[in-house]
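Below: one structure, written as structure tokens.
The values are calculated or read from the model by the stated rules, or taken from the named source; none is laboratory data. Every value quoted in this text rests on a predicted model; they were computed, and no experiment measured them. When we count neighbours, we look across all protein chains shown, and the Cβ atoms used for this are built from the backbone with ideal geometry, even at glycine. In case anyone asks, the SASA skips ligands and DNA or RNA and just uses the protein heavy atoms, side chains included. Shrake-Rupley method; radii C 1.70, N 1.55, O 1.52, S 1.80 Å.
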Amino acid sequence: MAQLHYRTCHLCETMCGIEVEHDGEQILAIRGDKNDVLSQGNICPKATGLQDIHSCPDRLKKPLKRVRKNPDEKSLDDEWVEIEWEEALDYAAGELARIQNQHGRDSIATYWGRSTAHNLGALLAVAPVQKIIGSRNIYTGSTVDQMPHNFVWHFMLGHQFLCTIPDINRTDYYLMLGTNPKISNGAQMSTGANPWKKLNAIRERGGKCVLIDPRRNESAKYMDEHHFIRPHSDAMFLLGIIQVIFAKGLASPGRMAGHINGWEEMERLAAQFDLDRIAEVTGIARADIERIAEEFASAKSAVCYGRTGVSMVQFAGLTQWLMQVVNVITGNMDEIGGMMFPKPAISSLPLTNSSWNTYQSRVSDRPEFSGEFPMAILGEEIMTPGEGQVRALVGLAGNMVLSMADGHHSEKLLQALEFYVAVDPYLNETTRFADVILPPCGPFEKGHYDMFYHLYDTINWSKYSPPLFITEHSQWTDFEIFRELMGRFAHQREQRAARKFLIRRAHSLVRRLLSPERIVALGLRFGPYGAGLNPFRKAVLSLQKLKDNPHGVFLGDLEYSFPEGLYTPDKKIQLTPQVLVDDLPRLKAYFVEGGMEAEQAESEFDLRIISRLTNRTLGWMHHSYRLIKGRNPCELMMHPDDAAARGVQADSRVRVTSRTGEIEIPVTISEDIMPGVVCMPNHWGHGRKGTRQRVANANPGVSMNDLTDIQGYDELTNNAIVNGVPVKVEVVDTASDREVTHEDEHVEEYVA
Ligand SMILES: Nc1nc2c(c(=O)[nH]1)N[C@H]1C(S)=C(S)[C@@H](COP(=O)(O)OP(=O)(O)OC[C@H]3O[C@@H](n4cnc5c(=O)[nH]c(N)nc54)[C@H](O)[C@@H]3O)O[C@H]1N2
Ligand SMILES: Nc1nc2c(c(=O)[nH]1)N[C@H]1C(S)=C(S)[C@@H](COP(=O)(O)OP(=O)(O)OC[C@H]3O[C@@H](n4cnc5c(=O)[nH]c(N)nc54)[C@H](O)[C@@H]3O)O[C@H]1N2
Ligand code: SF4
Ligand SMILES: [Mo]
């Protein structure tokens, strides 16, 4: 008999409520939950793909161990055998302990990919795993994503997770840079899908929406204006905006008066840049910059916000900083309709680290940020011999071969590892280099609470999703896998009998007392809406209350939290942190003092490539047949002038070449892309030897990150540059047959 289950879709930070109709273990349909307090029935197509993941025959249920053909070297011809959990955990822990005892703490690195943040068990494991391993070699997907934001929040507001959230529900002016909410459903801003409805609402209440983007992306039609901007040049545009706001006497601190340092310095810094030169390098007319600045500063409330298009580029740190400066100098920081700060039911800020440059990396002296190093240096730490060299990797929830800049480089570094344990449900482009794969249970076989994404809330709310199915695999969430792996590792690493005994006792105590659900209950109890230590206090929120309210609990609109909520020692906003001011000469050298022209004159790569998300997919969801069936979106978008200049026609296949690699890809010719810029979707490029993912491999596409460059990262924040990478394009042939290229028939065969 069909039953209904309510939960949160865990696939992205949008946190939509879904209604799962199922008959026993068979899922019949996934729909939006109309009663969900956040999303009110809105979802995107990706949620429906979860049922394919649940039933996917390629999803691993038991650990896999590599059996090497040649004991001295890994090969993609090696075989995999399924082994029992006990054996797999003992083997992995034993190898890690052996390597660390022989080569020291830093010889093990950890890598945490995107799905960590979507995953209660994995998130709860992060801090203990890092503590137990004790290595400085910590790497996460953050440095191929949002690190520049964290960097700027740390320096301006005092904590890397004091996340500025655009108050999209109440703003009158929305200035948006490098983001495409129609497709991404909003990034670092959880609205519960269909944020375009909120953009429409801004305009319906008389407000205005402006988009700055090298592509007239799918969100442009919900905006009043769109302006093309040359990739990497947003910091210059923002300096123009700031300069005009000061020059016209429109700057005003609003509610934050008396709580801002660096006001005069900021005015002086922005005044140094010539507005005509800004217009020339950005491609946005001077008159438009002046008008947008005036409109923004004169609006009743306004917010300047940007996402991955301005964080995975050169000068990303400066860009993030200057966006926040625009908000502060117009009185829109911690103001209704401006940038606001949520109050999540479990407060993670006091428990998380925020630091910079307290130590540096071994090979190239890159600074740590909040205890992690940038992904860009993982390869050199593995491949450069010497004391402290990384020899083993514990990697989870990320597919760096497709997602990190320079996929070929990622393959090399993974191949070079002495030992690699992957915690991942798939044998994919990255995990095929592992020695052992420990697969966590599927999304419906465990409870879910968004421990991280509530930091991006646009309203205050809370929700817990219990497991839908309890299966044999349910006992292996990422939490239990790490609990068992780390317990064994600590025990095997220890030489002294007495301490070994204590570790064993502690491990069995943790096993008995701690589960993800219990930790959530504790977090809620000691959070801002919980009863705390007082047994008589009637709490606004508890785990039981969340269980009783499967559509979530609304906790109120976002409220003022500054200056008390600031984490800076003097409780003031730092408008001009020295480290950011010190990065301005680099911007000047490139855009004002001829760097850009010199680069263009020297280089054979005359186009810049940027990324694009597609509505129906998300990285690892290419395992879902219903999401990727049909024409493969992996095509290169090109402006008609650029196409004509190279003899490219609508049915051409082209070769795209960069400093690091080349790919061949069909084209789409469109005026929606800025001349001089080309664009393609990322996270494709399946079909590689040694993977076990039939759906993705049957419709493989090519990988954009086979073109991006490991040497390309924002010098200040160390975030990878995967947008605006120099390339050239040549015709391979025309009239290519797309039907054949996309091998759809093959997928049909498999699914049938
Ligand atoms: N469908 C779908 N949704 C997703 C995801 C997914 O994979 N698929 N991933 C999720 C994740 S992990 C994230 S982080 C978010 C990302 O969410 P968004 O940031 O909204 O993602 P994008 O669509 O990549 O938008 C980036 C925009 O930046 C533009 N851009 C590129 N270079 C520049 C530049 O130099 N300057 C400016 N101003 N713009 C530039 C691009 O043209 C593009 O329109 O999406 C989330 N949602
Ligand atoms: N060129 C280019 N590159 C980009 C981007 C871009 O726009 N352009 N975007 C960047 C951004 S914003 C992001 S977030 C990254 C994303 O890149 P990654 O962090 O690499 O994310 P995915 O490729 O989605 O891989 C997720 C992995 O997690 C695994 N997984 C799924 N569920 C679970 C689970 O419950 N537990 C565990 N342990 N594993 C699980 C999947 O099998 C898969 O291996 O890519 C970045 N790279
Ligand atoms: S936007 Fe789509 S993928 Fe993201 S949470 Fe909502 S339904 Fe899931
Ligand atoms: Mo991301």
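Observations
- In this view, the solvent-accessible surface of D276, computed with a 1.4 Å probe and all protein chains in place, comes to about 80 Å².
- Within straight-line reach of K62, meaning a Cα separation under 21 Å, sit the following lysines at least 8 residues removed in sequence or on another chain: K446.
- Gyration tensor (alpha-carbon) shape descriptor, region 198-289, a/c threshold 1.5: oblate
- Solvent-accessible area of the chain (1.4 angstrom probe, protein heavy atoms only): carbon and sulfur portion equals 50 percent.
- Using the Cβ of A2 as centre and a radius below 13 Å, the other residues enclosed give a net charge of -3, where K and R count +1 and D and E count -1.
- Largest to smallest accessible area among T384, T430 [probe 1.4 Å]: T384, T430
- The mean of 1/r over all pairs of different alpha-carbon atoms in region 593-751, once inverted, gives a Kirkwood hydrodynamic radius of 16.7 Å.
- Descending by average beta-carbon neighbour count within 10 Å, the peptides 394-407, 236-249, 354-367, 73-86 line up as 394-407, 236-249, 354-367, 73-86, the highest first.
- Think of each Lys and Arg Cβ as +1 and each Asp and Glu Cβ as -1; about the Cα centre, that makes the dipole of the chain roughly 2800 debye.
- Between region 256-335 and region 336-387, the alpha-carbon centres lie 26 Å apart.
- Area accessible to solvent at R688, 1.4 Å probe radius, in Å²: 40
- Within the chain, helix-based [θ] at 222 nm, where runs of 4 or more DSSP H residues each add -39,500 (n - 2.57), nearest 500: -9000 deg cm²/dmol
- Applying 1/(1 + (r/R0)^6) with R0 = 41 Å to the Cβ-Cβ distance of V67 and E599 gives a FRET efficiency near 0.25.
- Computed over the chain, Cα set: Rg, Dmax in Å: 25.4, 77
- Proximal lysines relative to K182, as straight alpha-carbon distance under 28 Å, when same-chain residues fewer than 8 apart are discounted: K34, K46, K197, K198, K208, K221, K300, K343, K463, K629
- Rounded FRET efficiency, nearest 0.05, which uses the C-beta distance separating T352 from E265 and R0 of 30 Å: 0.50
- Each Lys or Arg adds one and each Asp or Glu takes one away; over the other residues whose Cβ falls under 11 Å from the Cβ of A405, this sums to -3.
- Environment charge of R205, counting only residues whose C-beta is closer than 15 Å and scoring Lys/Arg +1, Asp/Glu -1: +2
- The listed residues E662, E368, E13, once ranked by accessible area (1.4 Å probe) with the largest placed first, stand as E662, E13, E368.
- Centre separation in Å (Cα based) which lies between region 480-537 and region 168-222: 42
- Cα centroid of region 563-618 to Cα centroid of region 675-700, whole Å: 29
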